[in-house]
Amino acid sequence: MIAKIVSGTISGVEGRIVDVEVDMGPGLPYFEIVGLPGSSVKESRERVRAALKNSGYALPPKRVTINLAPADIRKEGPSFDLPIAAGLLVAMGIIAQEKVDGSFITGELSLDGAIRPVSGVLPMSAGLVEQGISSCIVPYENAQEASLVEGLSVFAPGSLAELVAHFAEAPLAPERRAASWDSLSVTDPISAVLRDISEVKGQENAKRALEIAAAGGHNMLMLGPPGSGKTMLAGCMTGIMPELSFDEAIEVSKIYSVAGLMKDKRGAVPHSRPFRAPHHSTSYAAMIGGGRGPRPGEISLAHNGVLFLDELPEFARNALEALRQPMEAGEVIVSRVSAPVVTYPASFCLLAAMNPCPCGYYGSASNKCTCTDGEISKYLNKISGPLLDRIDIQVEVQSVRYSDIDLADDASGGEASRDVRERVAAAAQLQRRRYRNDGVAKNAQLSPAHIQKYCRIGRGEREMLKIAFESMNLSGRAYHKILKLARTIADLAGRENILIEDLAEAIAYRTLDRKFWR
């Protein structure tokens with residue numbers, strides 16, 4: 001008898017339907033899995049055999065062939081345990097085939113028959129309704145994750161015996177879909193952040209730059225001596241960024257589900273934006289993604305959020321240079337000889353920090369630099385011109401003064417993150433309305449055609465930009481980034497048109513390049 005179960009696998013962050021076909025017939029006892037299974041899928045044979053036996057459904061001594069179709073897609077992970085076991089139960093006559101038709105099944109099995117959670121349930125479930133599948137059988141820990149898909153009935157048995165009972169005499173009640181997004185959120189958007197911007201004393205110029213970067217999704221580099229507050233400023237970034245929309249939160253949840261990083265057992269979606277801060281020893285593959293069994297890298301885990309690279313020159317050169325294309329395209333295409341070509345979303349805000357030299361005090365008014373000119377040049381040249389050209393905001397962070405941090409001074413550090421976030425959210429909302437028919441959501445994503453349409457400037461502004469372009473030897477990309485930055489500054493001020501002061505401030509954020517690198 002041939003049984004057929006619908007299951008799935010992951011390609012990038014999208015689900016792919018996989019049909020689990022089970023043939024059980026006469027012959028010498030034999031159990032084989034075909035259809036390009038990975039090593040963990042081949043091991044399903046022993047897990048499924050033990051789980052069936054310990055649940056009271058021992059396999060008969062027959063020839064068993066499992067086919068995972070289509071056979072040209074490599075299957076990885078333990079998520080095929082449960083559909084293989086269900087197919088065997090159908091082939092044994094314990095479950096009727098018509099009962100499982102129209103149901104998607106995924107899950108890992110323990111040797112005692114308990115069903116364990118797996119990664120990637122949300123992306124696998126996302127397209128099921130469009131393909132005519134209305135029912136989804138998943139592990140209990142993945143139930144809320146799957147229930148995010150509207151129109152899908154989700155059932156979560158705890159064991160193989162409960163699965164059999166569900167298709168026989170005791171159907172399970174479907175998991176309840178959350179009534180609101182708030183009930184699915186992991187944490188409060190403000191309490192989830194690392195720092196409140198009011199904790200940063202002084203550094204008004206850097207805090208202003210951080211606000212502009214958050215409002216328009218611009219990349220930002222902070223350069224300054226040790227202890228000037230660069231890392232602390234970076235920790236404030238997600239607290240002043242606009243709250244994730246529901247669609248953005250689902251995108252983030254898909255990536256984290258594939259990566260196996262859904263920490264909340266309910267599969268809850270986040271309100272606050274991702275903040276990834278990999279160590280400078282992070283490898284090229286860990287930064288970009290891929291591997292033998294492809295997984296999202298740091299740039300994808302930072303999708304719709306912030307990628308913070310502290311001590312920027314200490315990162316491997318190839319890892320930094322690999323950021324250039326995703327920073328422009330908003331996605332990364334990973335191709336490996338032994339793995340399929342996969343595409344991961346990677347629309348992130350790069351926030352980087354570095355010292356101006358190896359000792360950290362080049363250009364400092366308070367400490368003397370002990371580095372030679374050659375050492376300084378070698379250190380700064382670790383950051384290539386093409387990468388630097390893609391960073392919209394470059395700001396120098398000076399050493400803090402005693403008057404800024406004196407504990408006897410009761411004055412606060414300034415506005416709280418919640419207050420700054422209100423202005424940033426208003427600017428972001430303005431951008432979403434403006435670009436609602438253009439396929440972009442924020443100023444940093446504008447194409448040259450969009451810039452021509454939405455970043456018009458007057459005669460005086462054009463003359464200023466021409467002088468800056470020629471005197472600073474700017475590239476065409478830098479020219480466009482200045483215009484996009486000026487558009488964000490005007491949006492924060494609630495202005496429809498870009499004024500000369502907006503343009504002047506945007507140009508000022510490009511002078512760091514000239515001061516230190518040229």
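Here are some notes:
- Each Lys and Arg Cβ is given +1 and each Asp and Glu Cβ -1; about its Cα centre, segment 456-499 then shows a dipole of about 140 debye.
- Accessible surface of the chain, 1.4 Å probe: 50 percent of it comes from carbon and sulfur atoms.
- Rounded, prolate or oblate (a/c below 1.5 giving rounded, otherwise prolate when a/b exceeds b/c) for segment 107-176 by Cα gyration tensor: oblate
- A convex hull fitted around the alpha carbon atoms of segment 192-231 yields 87 Å³ per residue.
- Per-residue surface analysis assigns VAL6 an accessible area of about 30 Å², computed on protein heavy atoms at 1.4 Å probe radius.
- Net length available on complete extension from ARG336 to TYR284 is 17.4 nm, with 0.36 nm assigned per residue and the Cα-Cα distance removed.
- Placing dummy labels 7 Å off each Cα toward the beta-carbon, the span from GLU422 to ARG477 is 3.8 nm.
- Of all DSSP beta bridges in the chain, antiparallel share, percent nearest 5: 50
- Between segment 491-511 and segment 414-430, the alpha-carbon center distance in angstrom: 17
- Cα gyration tensor shape of segment 367-518, rounded if a/c is under 1.5, else prolate or oblate by comparing a/b with b/c: oblate
- GluC sites (Glu not before Pro), loop per DSSP, at most 12 other Cβ atoms within 10 Å - longest free stretch of the chain: 170-495
- Accessible-area order (highest first, 1.4 angstrom probe) of the listed residues CYS136, CYS359: CYS359, CYS136
- Net charge of the neighbourhood of GLY414, taken over other residues with C-beta under 10 Å away and scored Lys/Arg +1, Asp/Glu -1, is -2.
- For the chain, calculated [θ]222 nm from helices alone, where every DSSP H run of n ≥ 4 adds -39500 (n - 2.57): -10000 deg cm²/dmol
- Surface analysis of segment 455-496 yields an accessible area of 51 Å² per residue, using protein heavy atoms and a 1.4 Å probe.
- Using C-alpha pairs below 8 Å separated by at least 6 residues, the relative contact order for segment 271-368 is 30 percent.
- Neighbours of ILE66 by Cβ distance under 14 Å: Lys/Arg scored +1, Asp/Glu scored -1, total +1.
- Cβ-derived FRET efficiency at R0 56 Å, ARG459 paired with ALA277, nearest 0.05: 0.80
- Accessible surface, per residue, of segment 1-103 when the full set of protein chains is kept, probe 1.4 Å, Å²: 43
- Probing with 1.4 Å while keeping every protein chain in the model, the per residue accessible area of segment 271-428 equals 45 Å².
- Under the convention that each Lys and Arg Cβ holds +1 and each Asp and Glu Cβ holds -1, the size of the dipole of the chain around its Cα centre is about 1080 debye.
- Beta bridges assigned by DSSP with both partners in segment 1-151 are antiparallel in approximately 65 percent of cases.
- Taking label positions 7 Å along the Cα-Cβ direction at both ALA449 and SER384, the computed distance is 2.9 nm, reported to one decimal.
- Each other residue within a Cβ distance under 11 Å of GLU501 adds +1 if Lys or Arg and -1 if Asp or Glu, for a net charge of -2.
- Förster-model FRET efficiency, 25 Å R0, LEU172 and GLN131, C-beta, rounded to 0.05: 0.65
- Relative packing of peptides 23-30, 423-430, 347-354 - highest average C-beta neighbours within 10 Å first: 347-354, 423-430, 23-30
- Evaluated at q = 0.11 Å⁻¹, the base-10 log of the normalised Debye intensity for the chain, with identical point scatterers placed on the Cα atoms, takes the values -0.95.
- Close amide H contacts of GLU331 (hydrogens built in the peptide plane, cut-off under 5 Å, sequence separation of 5 or more or a different chain): ALA346.
- Cα gyration tensor category, rounded, prolate or oblate, for segment 272-393 with a/c compared to 1.5: prolate
- Dipole check for segment 90-176: with +1 at the C-beta of Lys and Arg, -1 at the C-beta of Asp and Glu, and the Cα centre as origin, the magnitude is about 20 Debye.
- Largest to smallest accessible area among SER366, SER377 [probe 1.4 Å]: SER366, SER377
- Centroid-to-centroid separation of segment 472-487 and segment 82-109 [C-alpha atoms, Å]: 59
The values are calculated or read from the model by the stated rules, or taken from the named source; none is laboratory data. In this text the structure is predicted, and so the values were computed from the model without any measurement. Positions of Cβ are generated from backbone atoms using ideal geometry, with glycine treated the same way; all protein chains shown enter the neighbour counts. Note: accessible area is taken over every heavy atom of the protein model, side chains too, but ligands, DNA and RNA are not part of it. Shrake-Rupley method; radii C 1.70, N 1.55, O 1.52, S 1.80 Å.
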